[in-house]
Structures are given as C-alpha cells and as structure tokens.
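See structure below.
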Amino acid sequence: MTALDATHLALRFEGVTCTFAASIAAQPSFTAVRGVSLRVAAGEFVSVVGPTGCGKSTLLNVAAGLLEPSAGHVRVFGLPLQGINRRAGYMFQTESLMPWRTALQNVMAGLEFRGLADARRQAEVWLKRVGLGGFGDRYPHQLSGGMRKRTSLAQTLALDPDLILMDEPFSALDVQTRQLMENELLELWAGKRKAVLFITHDLDEAIALSDRVIVLSAGPASFPIGEFAIDLPRPRDVAEVRTAPRFIELHRAIWAVLREEVLKGYQQQLAA
C-alpha cells in the first residue's frame, strides 16, 4: 500500500492480536484474534462476517479504543489510535438507550456532552430523518424494537462521526423491520459517505450493504481468510438486490470460504 493510499484510510489494523488472561490461574490465556490486518477507506462500507465466537466484536472494540491490542497497532485517518476513538460512533448490538430519558433526550445526550448549544434542534432533525419526528417524547419502553433501533441510529449519526462502528445492530429485529432499517441505513450513509465497519452473522446482509466483505476464520486466534469486493451497483434495495444474479454469485463464492469455518465453530460449541 502506498503512502497516498494510507492517507485515505479511515481505519487500519496492522498485525492486531488480542490475548486475554485466564480468570483462573491454572487455565491458559485465550487469544481471540491473531495477526489481523485490515483496512477501511474513507467513505467505504466494509462488513466482517465469521462464525460465532470468532472475535468480530473484539475487533470492533479495538477500533473503538475500548480494548487495547496485545500486539500490533491501529491507525485512524493515518494517526495512531491512543485511548478512545473520538472520530468514531459506535452502535451496539444490545440496547444502549437510557430508559429514564425520552427518545429525544437520548439523541441529545452525546450532543449535550459535547457542549453544543443547539443540541435539541439537532436531535429533533435526526429523529425526523429516521422517521420518528412525532415520537420524541416517548420513553424506550414505549417504542417498538424497530423504533428503538432508529433512535439508536439517530443517536450515533447525530454526532457526525467520521467512522461508524456497528455491531450486529439489526439482528434482533423481524425480517421486514430489518430490511427497512437496512435500507434506511444505506440512504443515510449515501448522504455523507462516512466510513463504516459493520459486524454481522448474516451473509445476505453483509453483501447487500457493503463495498467489501471480510471473512474471519473460526476461533480461537481468528484471522481474515477471505476478502471480497461487492461490485453490485448503488443505490440498492436490500430486498431486491438479493435476487440479482451477481448477488447469488457473490453469495456462493463467499459461502464457499465461510462454510467450513462455520462448521468448525459449531463443532467447538458442541464440544464446550
């Protein structure tokens, strides 16, 4: 990779290894990922797929600065990552909304933390952009699962991060709501083309959303074993694109690499 290319990288992992000490002294340490090198260019949508327990979320936590690698290093827009990644927004798999705050107040939270005088106005704008303009006074328990995910999406994007980290954000939703959320995400992403690192178990989802898909091996000590450019035209509708002949070709090619690793991961779960 040339120096010119490096200046356009939003995120770069170089030989990242994450080893965790055992909770019991007699047990060996555990290496989640080993020697991982990957990149996400500015404006690029990259998904990572792999078997359960292969360290996908570990890599996302490293990118967020929540976890320091045991070896290797991370660069964010060409600079070494030290501490929390201030240029990233993180959308978690689990519920991250504060139950004592309304939808509007949840979206405002990060903006208020940054001391923005117009936090309320910006939060209202983002709630409208995700289709919740009339629900700002509702508390999380008064919202459906899809509405809570929309609120979390608004909460993340309102901060205008240069890099968006997403950990299986739509996995708990029903199929129809999930497809609606995926299309909303693509529409919002197309507006500003921020870099995205997206973690998912769903290969269809990864192909439908992404510019590139990276496949991780089964754990422990997972590492990338495949990288695929997704050359489907944009804009995309995630339901319609699944019927395209090229989508089917890509799915077959990626699954040919992923299938054996999924079986390995399944056997490991049974053995445990």
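Looking at segment 175-218, which of the residues that are under 23 Å from W255 (Cα atoms) and assigned to a loop (DSSP other than H, G, I, E, B) is nearest to the chain's Cα centre (by Cα)?
Among residues in segment 175-218 that are under 23 Å from W255 (Cα atoms) and assigned to a loop (DSSP other than H, G, I, E, B), the one nearest to the chain's Cα centre (by Cα) is T200.
Going through E240, E227, E205 one at a time, which residue ends up being modelled with pLDDT of 95 or more, among the acidic types (D, E) and within 26 Å of T94 (Cβ to Cβ)?
Checking each option against the conditions leaves just E205.
Looking at I254, is it part of a helix (DSSP H, G or I) and hydrophobic (A, V, I, L, M, F, W, C)?
So I254 passes the test.
Checking the condition touching a residue at least 24 places away in the same chain (Cβ under 8 Å), buried (at least 18 other Cβ atoms within 10 Å of the Cβ) and of a type in the set (D, E, K, R), which residue from R138, R114, R129 passes?
Step by step, each of R138, R114, R129 is checked, and only R129 is touching a residue at least 24 places away in the same chain (Cβ under 8 Å), buried (at least 18 other Cβ atoms within 10 Å of the Cβ) and of a type in the set (D, E, K, R).
Looking only at segment 28-44, filter to residues that are part of a loop (DSSP other than H, G, I, E, B) and in contact (Cβ under 8 Å) with a residue 60 or more places away in the chain; which one of those is nearest to the chain's Cα centre (by Cα)?
The qualifying residue nearest to the chain's Cα centre (by Cα) is E44.
Looking only at segment 228-251, which residues are open to solvent by 80 Å² or more (accessible area, probe 1.4 Å) and either without any contact (Cβ under 8 Å) to a residue 40 or more places away in the chain or in a helix (DSSP H, G or I) (or both)?
Within segment 228-251, D231, P233, E240, T243, P245, R246, E249 meet the criteria.
Could you check how many residues of segment 45-68 are touching a residue at least 24 places away in the same chain (Cβ under 8 Å) and either open to solvent by less than 30 Å² (accessible area, probe 1.4 Å) or basic (K, R) (or both)?
Number of matching residues: 16.
The values are calculated or read from the model by the stated rules, or taken from the named source; none is laboratory data. Keep in mind that what you see is a predicted model, and the values were worked out from it rather than measured. Virtual Cβ from ideal backbone geometry, glycine too; neighbours counted across all protein chains shown. The accessibility values were calculated without ligands, DNA or RNA, using every heavy atom of the protein model including side chains. Shrake-Rupley method; radii C 1.70, N 1.55, O 1.52, S 1.80 Å.
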